[in-house]
Amino acid sequence: MIDIVQAVQAADPGLGSRVIVLRPDSRALATAEALVPEAEAWIAENAPGARLVRKTILLAPYPGAMPAEREVTVMAFAEAQHLAAFATAWTADPEPEDDEAAPEA
């Protein structure tokens, strides 16, 4: 993952150093280019200035391989605390609902 972040930062230094690359199956994403409404609302409330962008980077699929173009979805944050809070809220597995966590009788 560090290689991907470094490639994103090299491709667009204007994004700054506080970026997170979202997996295509991230629950924060509605599409590769848009957040789900709940994530948008969370960003507005907790991480003003954050932005979602698509970037094309060169990345080797494994060490020593020839780099190939890859398009990735990136969240860029104004503050490190915002990145950490977003990662905690939107990239971790969701907590089960109380009904799901209760053992069956």
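Derivation of every value follows stated rules applied to the coordinates shown; laboratory data play no part. Here the structure is a predicted model, which is why all the values come from computation and not from measurement. Cβ sites come from the backbone with ideal geometry, for glycine too, and all protein chains shown count toward neighbours.
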Among [x] 16.0, 56; [y] 12.2, 35; [z] 20.4, 68, the value of Rg and Dmax of the Cα atoms in Å computed for this structure carries the label [x]
Can you work out the PRE-style zone for E79? Point 7 Å along Cα to Cβ, and I want the residues of region 25-56 with backbone N under 12 Å. 45-50
